């Protein structure tokens with residue numbers, strides 16, 4: 001959290017204004033969002049009511065939609081400015097939704113690549129929290145890491161619109177979404193790069209349905225969806241036909257970096273819980289904090305946090321500058337996912353049996369850490385992609401990539 005030991009030891013120095021805003025966000029997450037997590041995790045009507053109340057409180061506190069465009073009703077923070085706050089906001093999985101920053105990826109994508117109608121019809125509603133959106137790329141037979149295998153098809157209709165059919169899964173938030181962006185093949189066969197497109201699909205369209213929920217290690221929020229000849233207006237195509245991979249690449253770079261920032265915040269939360277437990281718990285041989293093996297857990301967790309943060313913020317800086325950040329994002333994503341799992345595992349170990357039960361957030365944080373190693377591409381994908389890029393650079397005589 002914002003007042004934790006790890007936050008005080010953070011690598012970046014920010015202005016007093018940014019520090020004050022970070023403290024306000026930390027207080028809101030700690031006093032409003034975290035106490036509501038049990039209700040929010042359960043889903044259903046009670047969760048909807050709790051989230052609505054939190055969003056109203058965030059607006060009243062001046063914390064609503066901070067990284068979203070000011071002309072659309074957001075706070076207008078640039079990405080580097082928001083990155084300094086995202087760790088604190090992301091200490092709870094529900095933080096981005098409660099504070100209105102969750103649609104950042106969709107708003108950015110639709111603003112850059114949407115038609116005039118798409119921008120005018122949906123953007124202000126997304127920023128205001130009046131409508132919700134989601135993104136569907138992964139398919140039961142075609143993982144998100146292999147988009148060229150996309151089997152969902154979009155066929156041009158005589159009236160100029162599109163007919164989209166296919167099935168997607170692990171689509172976050174699909175059950176409550178008003179819009180879903182769908183990757184579909186408009187031409188060619190599997191492994192053709194030029195035959196893919198992205199479509200903005202209103203979920204109220206005939207032929208769209210949520211097939212089932214797909215709990216991730218017991219946690220709700222992921223869904224399988226089906227599109228059966230869903231008619232999509234011609235102007236709901238994002239960018240040009242065949243441009244899907246470029247748009248998806250932009251989205252993934254930003255999305256993976258945002259996840260890393262939020263994983264840092266969650267790891268700090270687990271670190272705080274571990275240190276508080278060690279400092280206040282007495283075992284048969286005295287305070288846990290005096291045990292060398294407990295101190296080893298604390299040291300290793302702090303080292304993981306402190307060495308991961310600069311990797312993540314290096315990716316932030318490159319994305320903000322519009323530079324190629326593929327290597328840095330890949331490094332940050334693997335490091336942050338591993339770090340979150342390591343820190344939460346150590347926190348559970350120091351808590352003992354109490355770390356396995358419902359009285360702390362550690363089971364949820366650990367589940368998130370394990371899922372992090374698969375979300376937005378498994379570790380193996382990033383490892384082979386980064387290593388391959390590095391080795392190709394040596395083959396071309398470009399020198400060492402270790403200096404950035």
Next item on the list: Arrange the following residues from fewest to most other Cβ atoms within 10 Å of their Cβ: 275, 260.
Entry: 275, 260
Next item on the list: Would you mind putting 159-170, 174-185, 347-358 in packing order, based on average other-beta-carbon counts within 10 Å, highest first?
Entry: 174-185, 159-170, 347-358
Check: For residue 39 and residue 145 in the same chain, what is the full-extension length gain: residue separation times 0.36 nm, less their Cα-Cα distance, in nm?
Finding: 34.9 nm
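Counting other beta carbons within 10 Å of each residue's own, what order do 120, 89 fall into, fewest first?
On the way: 120 10, 89 26.
Final ranking by Cβ density, sparse to dense: 120, 89.
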Next item on the list: Determine the distance separating the Cα centre of the stretch 36-106 from the Cα centre of the stretch 295-347; give it in Å without decimals.
Entry: 23 Å
Next item on the list: Round to the nearest 10 and give me the degree value, 0 to 90, for the angle of helix 244-280's Cα axis relative to the longest principal axis of the chain.
Entry: 20 degrees
Next item on the list: Would you mind calculating the gained length between residue 217 and residue 155 on full extension (0.36 nm times residue separation, minus the Cα-Cα distance), in nm to one decimal?
Entry: 18.7 nm
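Relative contact order for the chain: what percent, with Cα pairs under 8 Å and sequence separation of 6 or more? Intermediate values should be presented prior to the final figure.
On the way: 683 pairs, mean separation 55.2, N = 404.
Relative contact order for the chain comes out at 14 percent.
Within the chain, what percent of beta bridges assigned by DSSP are antiparallel, to the nearest 5?
Percentage antiparallel, nearest 5: 85.
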Check: Quick one: in the stretch 246-403, what % of C-alpha pairs are over 28 Å apart?
Finding: 30 percent
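Suppose we look only past 23 Å in the calculated P(r) of the stretch 133-238. What percent of the Cα-Cα pairs does that tail hold? The partial results should precede the final answer.
Values: 1176 of 5565 pairs.
Considering the stretch 133-238, 21 percent of its Cα-Cα pairs are separated by more than 23 Å.
So how much slack lies between residue 281 and residue 371, counting 0.36 nm per residue of separation and subtracting their Cα-Cα distance, in nm? If you can, show how the numbers build up before the last one.
Details: separation 90, 0.36 × 90 = 32.40 nm, distance 2.99 nm.
Result for the pair: 29.4 nm of gain on full extension.
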Item checked: Between 0 and 90°, nearest 10: helix 326-351 axis offset from the chain longest Cα axis -> 40 degrees
Note to self: Under a crude label model (7 Å from the Cα following the beta-carbon direction), how far is residue 389 from residue 306 in nanometres?
What the structure shows: 2.8 nm
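Work out the FRET efficiency for residue 178 and residue 289 from their Cβ-Cβ distance, taking R0 = 51 Å, and round it to the nearest 0.05. It would help to have the intermediate numbers written out before the result.
Values: r = 50 Å, r/R0 = 0.98.
About 0.55, to the nearest 0.05.
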Note to self: Neighbour counts of other C-beta atoms within 10 Å: give me 133, 385 arranged from fewest to most.
What the structure shows: 385, 133
Next item on the list: Would you mind calculating the relative contact order of the stretch 5-109 from Cα pairs under 8 angstrom and at least 6 residues apart, reporting the percent as a whole number?
Entry: 30 percent
Note to self: What whole-number distance in Å separates the alpha-carbon centres of the stretch 164-232 and the stretch 360-388?
What the structure shows: 23 Å
Next item on the list: Place a label point 7 angstrom from the Cα of residue 229 along the Cα-to-Cβ direction, then list the residues of the stretch 151-183 whose backbone nitrogen is under 17 Å away.
Entry: 153-167
Next item on the list: Please give the helix 79-89 orientation as an angle from the longest Cα principal axis of the chain, in degrees from 0 to 90, rounded to the nearest 10.
Entry: 60 degrees
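Read the figures in this text as sums done on the coordinates, not as results from a lab. Quantities reported herein were computed from a predicted structural model and do not represent experimental measurements. Virtual Cβ from ideal backbone geometry, glycine too; neighbours counted across all protein chains shown.
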